[in-house]
1. Restricting to region 26-44, name every residue that is among the hydrophobic types (A, V, I, L, M, F, W, C) and either crowded, with 22+ Cβ neighbours inside 10 Å or within 21 Å of TYR137 (Cα to Cα) (or both).
2. Six or more apart or on different chains, Cβ under 9 Å: which pairs go from a residue in region 10-25 that's buried (at least 24 other Cβ atoms within 10 Å of the Cβ) to one that's assigned to a strand (DSSP E or B) and acidic (Asp, Glu)? Could you list them?
3. So which residues in region 82-97 are under 26 Å from LEU131 (Cβ atoms) and touching a strand residue (DSSP E or B) at 6+ places or on another chain (Cβ under 8 Å), if there are any at all?
4. What single numbered condition from (1) over 17 Å from ILE72 (Cβ atoms); (2) part of a loop (DSSP other than H, G, I, E, B) fails to hold for TYR37?
Amino acid sequence: MKNEFIIALPPILPKRAHTLILGSIPGAKSLELNQYYAHPQNQFWRFMGDIFGASPSIPYEERIKVLKQKGIAVWDVLKACNRYGSMDADIKNPVVNDFECFYQDNPSIKLVVFDSSSAENFYKRLVQPTLSQELIYRRVPSPSPAHARMNYEAKRILWMEALSDRVVYRNSF
């Protein structure tokens, strides 16, 4: 495996998003197919199917439409980096997306959900200190097949709670 320069995908962005799901940067399969969470064993689309009806059994473009209709944006903390393979631990030279402009252009976003501790850690270290926006932050277990410490049902419950309007709490940064 060689060290590749990775450029992330553009955001999935509805006109009036209220929730932003953030990953670190797409894996190799996602970049190859130009689709978020494209690895067949990644559980993200199963979660989105259970929560919003954006099941992996429907075409990718339809899944995107469902998320947009629900006000869910999807993006990554990193705009680019060097990486061997798909593991976040192998990320070198991270370059972050411009969140100050992103939040200014999308003021309806109030909730940010990190899909992994890596995404949260990159954001806390490289983005959070530069922001002035008041947002609610939550973290969920990674949907990646590499994160096998929790079973699907336990992860699903935490994803459902994090994306629920009924559960409101602030993570401390």
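Only the coordinates and a few stated rules stand behind these numbers; no lab work does. Since the model is a prediction, treat every value here as computed from it, not as a measurement. Don't worry about glycine lacking a Cβ; one is built from the backbone with ideal geometry, like all the others, and counts go over all protein chains shown.
1. PHE44 - this is the single residue of region 26-44 that is among the hydrophobic types (A, V, I, L, M, F, W, C) and either crowded, with 22+ Cβ neighbours inside 10 Å or within 21 Å of TYR137 (Cα to Cα) (or both).
2. What qualifies is LEU22/ASP76; GLY23/ASP76; SER24/ASP76; ILE25/ASP76.
3. Within region 82-97, ASN82, ARG83, ILE91, LYS92, ASN93, PRO94, VAL95, VAL96, ASN97 meet the criteria.
4. Here TYR37 meets the rest and fails (1).
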